[in-house]
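The values are calculated or read from the model by the stated rules, or taken from the named source; none is laboratory data. No experiment lies behind these values; they were computed from the predicted model shown. A quick note on method: Cβ atoms are made from the backbone with ideal geometry, for glycine too, and the neighbour counts reach across all protein chains shown. Ligands, DNA and RNA are excluded from the accessible area calculation, which covers all protein heavy atoms including side chains. Shrake-Rupley method; radii C 1.70, N 1.55, O 1.52, S 1.80 Å.
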Amino acid sequence: QVQLVESGGGLVQAGGSLRLSCAASRRTFSSYVMGWFRQAPGKEREFVATISWNSITTYYADSVKGRFTISRDNAKNTMYLQMNNLKPEDTAVYYCTAGTFSSPLRRSYDYWGQGTRVTVSS
């Protein structure tokens, strides 16, 4: 079992930046593929980004490519999402997730955090 705790959400103006963090409970964190999903009000949860266990491979949704950067520090059991040039349509609850292989599909991931809310005002 892996427990994931997100932090760093908040209210920001359009064009601003936020950095989300995801702290994992297990030292085996480094063996997991990690990812971020988000869910806007009234919408399905959608893929944002994923990163391989060794940080060599990353994938992004087209909607965030060039603005968001996913990273991880295995020594700290922590994953990050740097979000720049935020837009109102980025408003959502952001979820951290862990799994065994990279995928944009929710069902590919085994563990989920409780989410952190990001609100971008226009």
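The residue that is farthest from residue 59 (Cα to Cα), among those in region 107-122 that are of a type outside the set (A, V, I, L, M, F, W, C), open to solvent by 40 Å² or more (accessible area, probe 1.4 Å) and touching a Ser or Thr at 6+ places or on another chain (Cβ under 8 Å), is 119. The combined condition, being free of Cβ contacts under 8 Å to residues at least 60 places away in the same chain and closer than 17 Å to residue 3 by Cβ, is fulfilled by residue 31. I need the full set of residues from region 2-20 which are over 11 Å from residue 117 (Cβ atoms) and charged (D, E, K, R), in order please. Passing the criteria: only 19. Among the residues of region 107-122, count how many are closer than 26 Å to residue 11 by Cα and either touching a His at 6+ places or on another chain (Cβ under 6 Å) or among the basic types (Lys, Arg) (or both). Qualifying residue count for the region: 1. Tallying residues that are open to solvent by less than 30 Å² (accessible area, probe 1.4 Å), of a type in the set (Ser, Thr, Tyr) and over 11 Å from residue 45 (Cβ atoms) within region 90-106 yields 1. The lone criterion from (1) in contact with a Gly (Cβ under 8 Å, 6 or more places away or on another chain); (2) open to solvent by 10 Å² or more (accessible area, probe 1.4 Å) left unmet by residue 74 is number (1).
Checking each residue in region 6-38 for being surrounded by fewer than 16 Cβ atoms within 10 Å (Cβ to Cβ), at positive phi and part of a loop (DSSP other than H, G, I, E, B) picks out only 15.
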